[in-house]
Amino acid sequence: MLTLLCLARQLMRVPYLAVRNLATIWHLPRYSLSLLYHYLSFCLLPAAQKTRAKEEFDEAFYREAYFRSTDTALSPFEHYMIAGWRRGYSPFAGFDGPFYTESYVDCSRIRPPLLHYCEKGRRLGLAINQGQSKRMGRSRNINLMAQRRDEDIRKWTCRSASEFDPPAIDVSIVTYNSASWLDRFFASLLVQAYPLERMAIHVRDNGSSDATVEKLEAFRKSEGSAFADFVVSCGANVGFGRGHDAAIAGGRGEFVLVTNVDLEFERDSIVRAVETAVSDRGSNFACWELRQRPFEHPKYYDPVTLEANWCSHACILLQRNAYADVGGYDPDIFMYGEDVELSFRFRRSGYRLKYVPNATVVHHTRAKSASGKNREFMGILYANAWLRLKYGTLHDIGEIFLLYRKLLNSWSILAWRNKRRLIAQTEELAYRMPDVLKQRGELPQEEGDFAFESWDYDLRRNIDSDSLDDPNTGAPLVSIVVRTVDGRQLLLKQALTCLVNQTYLNIEVIVVEDGGEASRSLVDDFEPRLAKADKRICYLPLERVGRSVAGNRGLEAATGEYVMFYDDDDLLFADHVETLVARMVEEPRAAAVFADSFIVETRFHKDDQNVVRSYEELSHYPHENLVNRFNRGALLRTNLFPIQAVLFRRHCFEKLGGFDPTLDALEDWILWCRYSQLGGFIRVPKTTSLYRIPASVEEKHKRSKHFSAYQSLADELSAR
C-alpha cells in the first residue's frame, strides 16, 4: 500500500501530455505501469547523472536513426532514457546496448546501459559492441606496430643511397602433381631482372604421380646452367612445410625465396623483394611477403612501416638465420596454416614481418577442382583450431568447438559436403588438446600476442575488388592535395611515407601548410624518396587562411586529371590510388569514386605548444556510412565517406569550384553534395585507407554539433 501511495505521489509530478504522447509513440496502453515506471525513474534520476549521460548522447545520430515521430513532447535524449534503450536502440554510433548489458555483470538490466558506461565503462575502456570486444585484443598488436612508425621513418631517412649489389639467394620449391603449372612458372623465372647466376634452385617433389618430375628434369637439363645451382630431390609426400624444410637445407644463401609453382613472377618481382630485404639489414625483420594479384590477401598491415602480424607463404623471402633460429616449419601441420604458425613463432622470438606491395606475383588461386577446394577448406579449419591451441588465450581455445558447431549448423555448401570430416576433425582436436595444452604450460587469461577473428587471423580488410594487371601502363596523372598545419609534423611524416609506398607511380603531391612554413625541411627530406619512387612533390606555405581556402589553393595548383584530398592525420594502404584509378577508368560517367576505410579511434598526446608528440590507436573498425549503391539523397542527409577515400575528376573543380571558403568543418561533405550534381559516386568494395578520429568524447560531440549546424546547407543543395 505504501508503494502505491509513493507511486501516486510521483504521478502528480508527471505531465499528462507527456505520458499520453509516450503511449502514442509505442502503441502501448496509455497507463502502462512498466512505461510509467521507467518514466518515473528518469524523472527521479539525479541531475549529475543526467548531465553526464547527456554529454555522451549523440542527438543528431539518434534523431536520424530512430527518432522520427513529431507528435511527442519528448526530446531524443528523454526518448532513449525512457523507452529507446529497452528496444536496443543506441545512444551514439557503435554502442550496442544489449551486448553491453549482457557483457558486464554489474550493469543493471532495469536501467539504461548508458548510465553504467558513463559511471564506469568509459573510464575502464570497456568494449561497447561485439566487434570492439574482439578488436581490443588485436588492436594491442596493431598499436604496437603503429608505435614503431616514427623510429622506422628515422632509419629510412638516415640510410644513404647506395648501389644495389644482389646477394646470392636460394629459391625453395615444393611440387606435388604440379606439371600443369611448371611451364608458366619457369618462363616467368627465366625473364627476371634479378641475375639468374645469383639464384640457386632447390626443388623438392612430394611423390608426384603425373609428369612433374620429368618436366623438372627436362628443364634442369635445358636451362639449369643459367642458375647458380639447380637441384631436384624426390621423396614421399611429407606436406608443404616439411617439404620446404628439406629444400632449404640444401642451400646456403643469405635469403631464401619460398614460392608456390601455381604463380607467375613479374619481371622485377624478386629484385624489389630482395632490395627491400637488403635495405632492412641490421633490423629484426625475418621475412618479406610478395603481394599476390588479382586476389590479394585480406589481412591488415601497417600502411606506414608495411609491417604485418602474419604473412602468407605462397611467395615470400625469408632471412635464413631467422628461419634457422626458430627451427623451420611446424612438422605437425601437413598443409594450410604452416605460414601463420611460422609467422607467430617469428614474432614470439622477437622478429618482425614485412609486406612488400610493390613486388607482385600473379597467383592462380581460383583454378582448383572441387576436391581441391574441399581439402583447402578442411585444412584451413584445422590449422586455425591448431593455432588457437598453441597460441590462443583461454577464450580463443573455448571458441574452437563453438565455431565448429556453428559451421555444422550452417547452410554452407562446403560444410554440408564435408560434414563427416568436420565431425572427425573435431574429435581429433578434442583428443589432442590435453597434450598440446600441457606442452604450452600457463595460458594468458585475457590478452595475448596473437589475435584470432573467427576463422581468420587478426583484423581483416575488405578485398572484394581485384588488383590491376599493370597499374602504371598509360596511367593518368593523379594530384594529391595534403593539408597540414604547424605542430603536426609527426603525422605529416607518416602521411607522406604512405605516398612513397603507393604502387601507383604517376602521382603529384601538393603539400599545403596553413599558417607558416614549419614543414618545409620535412617536405625537402621526402623529395628524393618520392623521386626514387617516380613521384613528385611541391610545397605551398600560406598565411593562416583556414582549412577550406588551403584546400582550394591546393586544387588550383593541381594539374592531374584526377584529384584527391589527403589530410595529414589520415593513412593510405599501398594500393589506395591504384584501386581508385582502376575504377575511375572503368566508369567514365562517374564524377568520383570512393573506397572503404577503417575508422581508427586515436588518443593524441600534445605538449604545451599544441605539438603532437605521440599517440595511441585504440580501436579499428569499418566506416559505417558506406553504401553499396550511391544515392544522392543519402549523401544530402549525412556524409557517407571520409575525405581521403574519394577520388574525383578535375573537371568537377573547373565547373563548380572548390570548398566553400566560409566553412571550417565538414567542408568536404558540402563539396561532395555539389559535385554529385555532375555524376554519381561509385563505391569500390575494398578497404584502402584509415581515417583517424579523436578518441575524446568531447571532440566527438563537437563534430556532431558541426554536423547539425551544417545540415541546413545540405538542405539548400537538395532543394536545387
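Tabulated results
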| read-out | value |
| --- | --- |
| Options Leu640, Leu635: the member that is surrounded by 13 or more Cβ atoms within 10 Å (Cβ to Cβ) and not in a loop (DSSP other than H, G, I, E, B) | Leu635 |
| Some residue of segment 262-271 being among the hydrophobic types (A, V, I, L, M, F, W, C) and part of a strand (DSSP E or B) | yes |
| Pro642 in the same structural domain as Tyr562 (by TED's automatic domain parsing) and within 17 Å of Pro694 (Cβ to Cβ) | yes |
| Cβ-Cβ under 6 Å pairs, at least 6 apart or on other chains, segment 433-448 side farther than 18 Å from Ala383 by Cβ and outside the structural domain of Arg347 (by TED's automatic domain parsing), far side surrounded by 14 or more Cβ atoms within 10 Å (Cβ to Cβ) and modelled with pLDDT of 80 or more | Pro444/Thr393 |
| Leading residue by the ranking (farthest from the chain's Cα centre (by Cα)) among those in segment 512-521 that are under 29 Å from Leu580 (Cβ atoms) and assigned to a strand (DSSP E or B) | Asp514 |
| Residue match in segment 69-85 (condition: polar (S, T, N, Q), at pLDDT 75 or above, surrounded by 15 or more Cβ atoms within 10 Å (Cβ to Cβ) and in the same structural domain as Tyr117 (by TED's automatic domain parsing)) | yes |
| Thr393 within 25 Å of Met433 (Cβ to Cβ), in contact (Cβ under 8 Å) with a residue 40 or more places away in the chain and surrounded by 19 or more Cβ atoms within 10 Å (Cβ to Cβ) | yes |
| Where a residue in segment 198-219 is on the phi > 0 side of the Ramachandran plot and its partner, wherever it lies, is surrounded by 14 or more Cβ atoms within 10 Å (Cβ to Cβ) and not in a strand (DSSP E or B), with Cβ under 8 Å and at least six apart | Gly207/Tyr176; Gly207/Asn237 |
| Selected residue (criterion: surrounded by the fewest Cβ atoms within 10 Å (Cβ to Cβ)) from residues of segment 92-127 that are modelled with pLDDT of 75 or more and either charged (D, E, K, R) or in the same structural domain as Arg692 (by TED's automatic domain parsing) (or both) | Lys120 |
| Verdict on Glu667 being surrounded by 18 or more Cβ atoms within 10 Å (Cβ to Cβ) and under 19 Å from Ile480 (Cα atoms) | yes |
| Some residue of segment 500-511 being at pLDDT below 90, assigned by TED's automatic domain parsing to the domain that holds Val611 and in a loop (DSSP other than H, G, I, E, B) | no |
| Residue check, Leu490 within 25 Å of the chain's Cα centre (by Cα), over 20 Å from Ala645 (Cβ atoms), touching a residue at least 12 places away in the same chain (Cβ under 8 Å) and outside any strand (DSSP E or B) | yes |
| Phe659 vs. criteria in contact with a Gly (Cβ under 6 Å, 6 or more places away or on another chain), assigned to a loop (DSSP other than H, G, I, E, B) and surrounded by 14 or more Cβ atoms within 10 Å (Cβ to Cβ) | yes |
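Matching residues to (1) in a helix (DSSP H, G or I); (2) under 25 Å from Glu578 (Cα atoms); (3) modelled with pLDDT under 95:
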{"site": "Glu223", "(1), (2), (3)": "yes, no, yes"}
{"site": "His244", "(1), (2), (3)": "yes, no, no"}
{"site": "Val258", "(1), (2), (3)": "no, no, no"}
{"site": "Ala273", "(1), (2), (3)": "yes, yes, no"}
{"site": "Glu289", "(1), (2), (3)": "no, yes, no"}
{"site": "His297", "(1), (2), (3)": "no, yes, yes"}
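The values are calculated or read from the model by the stated rules, or taken from the named source; none is laboratory data. Everything numeric here is computed off the predicted structure, so don't read it as measured data. For neighbour counting, all protein chains shown are included, and Cβ atoms are generated from backbone atoms with ideal geometry for every residue, glycine included.
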